[in-house]
1. Place a point 7 Å from Cα of B:Thr27 in the direction of its Cβ. Which residues in segment B:91-122 have their backbone N less than 18 Å from it?
2. What is the sum of charges around B:Ile160, taking Lys and Arg as +1, Asp and Glu as -1, for the other residues whose C-beta is under 12 Å from the C-beta of B:Ile160?
3. Using only Cα atoms, tell me the angle between helix A:117-140 and the longest principal axis of chain A; keep it within 0 to 90° and round to the nearest 10.
4. Can you give the angle from 0 to 90° between the axis of helix A:175-190 and the longest principal axis of chain A, with both taken from C-alpha atoms, to the nearest 10?
5. Under a 10 Å cutoff between Cα atoms, tell me which one of B:Asp174, B:Asp118, B:Asp60 has the largest fluctuation in the Gaussian network model of chain B.
6. Give the chain B residue with the shortest beta-carbon distance to the rotation axis relating chain B to chain A, plus that distance as a whole number of Å.
7. Just to confirm the numbers: B:Ala122, label point 7 angstrom along the Cα-Cβ line, distances to the other copies in nm, shortest first?
8. Using helices alone, what [θ] at 222 nm do you get for chain A, with -39,500 (n - 2.57) per DSSP H run of 4 or more residues, divided over all residues and rounded to the nearest 500?
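Read-outs throughout are calculated quantities, based only on the coordinates presented, and are distinct from any laboratory measurement. Model, not experiment: these values are computed from the prediction. We place every Cβ from the backbone using ideal geometry, glycine too, and count neighbours over all the protein chains shown.
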There are 2 protein chains.
Amino acid sequence: MPEVQKERTKRADAVRNKDAIIDAALTRLSDNPGASMAEIARVAGVGRVTLYGHFADRKDLVGAVFERAMDRAEAELAAVDIEQDTWNSLQEIVQSSWRVLHQFNALLAAAEPYLSADQIRAHHDKPLARVVSVLEKGRSEGIFRTDHSLTWQAACFYAILHSAAAEIRAERLDEVAAAKILPSTIRALLVPPDLPTDKSLH
Amino acid sequence: MPEVQKERTKRADAVRNKDAIIDAALTRLSDNPGASMAEIARVAGVGRVTLYGHFADRKDLVGAVFERAMDRAEAELAAVDIEQDTWNSLQEIVQSSWRVLHQFNALLAAAEPYLSADQIRAHHDKPLARVVSVLEKGRSEGIFRTDHSLTWQAACFYAILHSAAAEIRAERLDEVAAAKILPSTIRALLVPPDLPTDKSLH
DNA sequence: GGTAACCTGAACATCATTGTTTGAGTAGTC
DNA sequence: GACTACTCAAACAATGATGTTCAGGTTACC
C-alpha cells in the first residue's frame with residue numbers, strides 16, 4: 001500500500017475533545033484574540049496537557065480554528081445565488097455575510113500574527129470576490145453608482161457589517177433589527193446619487 | 001500661602017522628555033495597543049527608568065496618552081460650526097472627525113483595560129454628541145432619512161470613518177482621496193431613500 | 001477483560017514584560 | 001561654577017504565559 005495510510009482511526013473521545021477544543025477556541029478567540037491556552041482548555045472542559053496533545057502549539061491551534069471558521073463561512077456564502085435579481089442577491093449576500101462576520105469577528109486578529117499575509121489575504125479574498133461580483137453586476141446594469149471605486153464600496157460593505165456586530169455587542173441593537181436594517185443601509189451606499197431607483201421618474 | 005504650591009517648576013529637559021514619552025506612546029499604542037514600555041521608551045529616545053520616573057505604571061501612562069488624544073480631538077471638533085447650513089456642517093464634521101480618528105485609532109483598545117467603562121464612555125460621548133446634533137438638525141429640516149435610528153446612523157458614521165483609516169493603512173486609499181470620498185459616502189447614508197435631494201423634482 | 005490510547009494534575013524550564021533599586025554620570029538652573 | 005534635579009544602564013524580583021515531562025488514572029475498543 002502507498003504511504004497515505006491514515007495512521008489508524010482516532011479514538012472517539014479524542015476526536016470529541018479535539019472538536020471541543022476548536023469550538024472553545026473559536027468562542028474565546030472571537031471574544032478576545034489574546035485568550036490564553038489555559039483558558040481555552042478550561043472552556044473546552046479539558047486539561048491543558050490534552051490541548052497540547054492535539055495541537056503542537058498556539059500557532060497550530062489558531063490555524064485549525066481559522067480553517068474551521070473559513071469553512072463555515074464558505075458554506076454559508078456559497079449558498080447565495082448570484083444569478084438572480086441583483087437587489088435580491090445583494091440582500092442575500094448581505095445577510096449571509098453578516099451571519100459569518102457576526103461570529104468570526106475578532107478571530108482574524110488572533111490569526112493575524114501566525115498566518116502569513118498571503119494566507120489571510122487568500123482566505124479573505126474569497127468572500128470578498130462574491131461581494132465584488134454582485135457589485136459589478138449592479139454596475140453593469142446601471143443600478144449602482146459608479147463614482148465610488150469598487151474597492152471602496154466593498155470596504156464600506158464590510159465596515160457596515162462590522163458596525164452592526166459592534167452595536168450588538170454593545171447591546172444597542174439586536175439581531176432581528178440588524179437583519180432588517182443592514183440591507184437598506186447597504187442599498188443606500190450603492191444607489192446612484194440624486195436619482196430615484198424608481199423608473200417612473202423618466 | 002495655600003497648599004496649591006505646584007511643587008517647584010519642573011526642569012526643562014524633564015518636561016521635554018515627558019512630552020516625548022507621551023508622543024511616542026501615542027504613536028506606538030495607536031499602531032499596537034500592546035506595545036511594551038521598553039519599546040515606547042526606546043522610541044521616545046529615553047531610558048526605561050526615566051519613563052517610570054515620569055509615570056508610575058502602564059496605567060498611568062496610558063491615562064496620560066488618552067487624555068492628550070482626547071484634548072486634541074476636542075480641539076479639532078470644537079472648531080466646527082454647527083449652526084451653518086446642515087450639509088456644510090456635516091461635511092466639516094466628517095472631515096475633522098476623520099482627522100481625529102485616523103490618528104487615534106487603535107488607541108482606545110490600549111486604554112480600554114485601564115480606564116473604567118464610564119470614563120471611556122464619557123470621553124467617547126462628547127464627539128458623538130456633536131455628530132448626533134448635526135443628525136438631529138438634518139432630521140428636523142427633513143433632509144435626512146428617519147427610517148434608520150439615530151444610534152445606527154451615528155454608528156455607521158464612525159464605521160465608515162474607521163473603514164477609510166483601514167483602507168489607508170492597507171494602502172488601497174490615500175488621504176487626499178479619503179477626504180474627498182468620505183463626505184459623499186456619509187451623505188449617501190443620510191439622504192432619504194427614493195427621493196432626490198434636488199428640489200427640482202417637485 | 002485486557003490493552004493501548006487517551007486523559008489528568010502537578011511540576012518544571014523558558015521567556016517576555018512589568019516595575020524597582022542602585023550608584024554613578026550629566027546637564028539644567030540659580 | 002556649584003548645586004541638584006534629572007538621566008542612565010545594569011541588575012533584580014515578580015508575574016504570567018508557553019510548552020514539556022512525568023507518573024498515574026480512565027475509558028474506548030477488540
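1. Flagged as within label range: B:102-107.
2. Combined, the nearby Lys, Arg, Asp and Glu give 0.
3. It works out to around 20 degrees.
4. 50 degrees
5. Maximum among the listed residues: B:Asp118.
6. Here the value is B:Ala159, 2.
7. 5.0
8. Counting only the DSSP helices, I get -22500 deg cm²/dmol.
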